[in-house]
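In what follows, a single structure is set out as structure tokens and then discussed.
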Amino acid sequence: MDPLLLIIRTIGEMFAFIAILRFLLQTMKVDYYNPISQAVVKITQPPLMPLQRSLPRIAGVDVSPLVLAFLVKLGTLFLLVSITGSAIGFGPIAVFSLVGVLDTLLTIVFWATIGSVIISWVAPNSPHPAPQLLVQLVEPLFALVRRVIPPIGGLDLSPIAIFLVIQIIQSQLPRLM
């Protein structure tokens, strides 16, 4: 792979990842004063300000980070296609970008769930900001699943249910493209 393409793709994917992470942190009401949350806000705030002013909140949720992630993925893919000289239209690039945002969102939740499960075994109630952030990020999802599937004999099955739902959705994403 051409190093220039690799650099462009990596920077675009990383920024889209951070924008999606900001959406999740806001939606799950993770501690705003966590140093990691603060870093995510500082990195994403300048490009988000115009979007936050122009986009309405949907059911009280700020969707501007998702729109920013979509635009970053769209711009990155458009730039990569332009550099390589491929003949791909705007429609497929837009669909690929949208599916990419959804896939990244699901991947973040998947790995945060794994991290939270491991932390619950190794270092429960850790004072470090990273474990606190992971637990706060997925706990609302765990609580939602626990309403449907209560713990059985002290065993919390909510992470397994979340893994299953994520895998089902991600397995269907290629059909959208």
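The values are calculated or read from the model by the stated rules, or taken from the named source; none is laboratory data. For clarity, every value in this text was computed on a predicted model and none was experimentally measured. Counting neighbours? That spans all protein chains shown, and the Cβs are built from the backbone with ideal geometry, glycine included.
A single member of Ser126, Ser116 is surrounded by 10 or more Cβ atoms within 10 Å (Cβ to Cβ), part of a loop (DSSP other than H, G, I, E, B) and among the polar types (S, T, N, Q), and it is Ser126.
Does Phe96 count as part of a helix (DSSP H, G or I), within 17 Å of the chain's Cα centre (by Cα), at pLDDT 95 or above and not acidic (Asp, Glu)? So that I can check it myself, show each step before the final result.
Values: part of a helix (DSSP H, G or I): yes; within 17 Å of the chain's Cα centre (by Cα): yes; at pLDDT 95 or above: no; not acidic (Asp, Glu): yes.
Taking the combined requirement at face value, the residue does not satisfy it.
Inclusion of Gln38 among residues that are touching a strand residue (DSSP E or B) at 6+ places or on another chain (Cβ under 9 Å) and either without any contact (Cβ under 8 Å) to a residue 40 or more places away in the chain or surrounded by 12 or more Cβ atoms within 10 Å (Cβ to Cβ) (or both) is not warranted.
Beta carbons closer than 9 Å, at least 6 apart along the sequence or on distinct chains, pair a first residue in region 1-30 that is of a type in the set (Val, Ile, Thr) with a second that is outside any helix (DSSP H, G or I) and buried (at least 16 other Cβ atoms within 10 Å of the Cβ) for Thr27/Asp62.
Against the conditions (1) more than 14 Å from Val101 (Cα to Cα); (2) surrounded by fewer than 16 Cβ atoms within 10 Å (Cβ to Cβ), Met14 satisfies every one except (1). Are any residues in region 157-177 buried (at least 16 other Cβ atoms within 10 Å of the Cβ) and within 15 Å of Gly115 (Cβ to Cβ), and if so, which ones? Answer for region 157-177, where residues must be buried (at least 16 other Cβ atoms within 10 Å of the Cβ) and within 15 Å of Gly115 (Cβ to Cβ): Ser158, Pro159, Ile162, Ile166. Each residue in region 149-166 was checked for being without any contact (Cβ under 8 Å) to a residue 12 or more places away in the chain and either among the basic types (Lys, Arg) or assigned to a helix (DSSP H, G or I) (or both), and 3 of them qualify.
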